[in-house]
Amino acid sequence: LLPALLKSAALLLTNDSGPMHVAAAVGTPVVALFGPTSPMRTGPYGKQHRVLTSGVPCSPCFSRWCHNRIQIECLTNIAPEQVLEAVRAQLALRLAR
């Protein structure tokens, strides 16, 4: 059910998760927010995807619990405006095809 649903979606906005990989596998463009994990290690793979990171020095730490002074700074430093811009750009690319 999830692969069919994601295949029909115009885009998936997500974190590093199972649905991200399913969307990439069925050809749905992804905008993925990465904090404690590394997009180089875990994808999404392919040119049609967009990855956002904050660039804080402790990222990627691969930890389940944040030990940074500013909790989950790696994710909270990704501005909503950056996410919106990435989503708009991905949707524009999809419409142009």
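Within the shell defined by Cβ-Cβ distances under 10 Å, the residues around residue 28 carry a net charge of +2, with Lys and Arg each +1 and Asp and Glu each -1. A simple charge model with +1 on the Cβ of Lys and Arg, -1 on the Cβ of Asp and Glu and nothing else charged puts the dipole of the chain at about 260 debye relative to its Cα centre. Quick check: from the Cα gyration tensor, does the chain come out rounded (a/c under 1.5), prolate or oblate? Prolate, since a/c reaches 1.5 and a/b exceeds b/c.
The H on the amide N of residue 31, modeled in the peptide plane, is under 5 Å from the matching H of 12, 13, 14, 50, each at least 5 residues off or on a different chain. What the phi angles of segment 43-48 give under the Karplus curve with 6.51, -1.76 and 1.60, with θ = phi - 60°, is a coupling list of x, x, 9, x, 6, 7 Hz, glycine and proline written as x.
Sequence-ordered 3J(HN,Hα) estimates for segment 56-73 from the Karplus curve with 6.51, -1.76 and 1.60 and θ = phi - 60° stand at 5, x, 7, 9, x, 10, 6, 9, 6, 10, 7, 10, 6, 4, 9, 4, 6, 4 Hz, glycine and proline given as x.
Summing -39500 (n - 2.57) over the DSSP H runs of n ≥ 4 in the chain and dividing by its residue number, what mean residue ellipticity at 222 nm do you reach, to the nearest 500 deg cm²/dmol?
-11000 deg cm²/dmol
The 1.4 Å probe gives accessible areas that order 78, 70, largest first, as 70, 78. In this label model, residue 83 and residue 4 are separated by 2.9 nm, measuring between points 7 Å along each Cα→Cβ vector.
The spacing between segment 23-44 and segment 48-84, judged by their C-alpha centroids, is 14 Å. Working note: Karplus 6.51/-1.76/1.60 with θ = phi - 60° gives segment 32-37 the couplings 10, 9, 10, x, x, 10 Hz, where Gly and Pro are set to x.
With labels modelled as points extended 7 Å from the Cα through the Cβ direction, what inter-label distance (nm, one decimal) is found for residue 93 paired with residue 63? The two pseudo-label positions are separated by 3.3 nm.
The values are calculated or read from the model by the stated rules, or taken from the named source; none is laboratory data. All of these numbers come straight from a predicted model, not from anything done at the bench. Glycine also receives a Cβ, built like all others from the backbone with ideal geometry; neighbour counts cover every protein chain displayed. When the accessible area is computed, the model is the full protein with side chains, heavy atoms only, and any ligands, DNA or RNA have been set aside. Shrake-Rupley method; radii C 1.70, N 1.55, O 1.52, S 1.80 Å.
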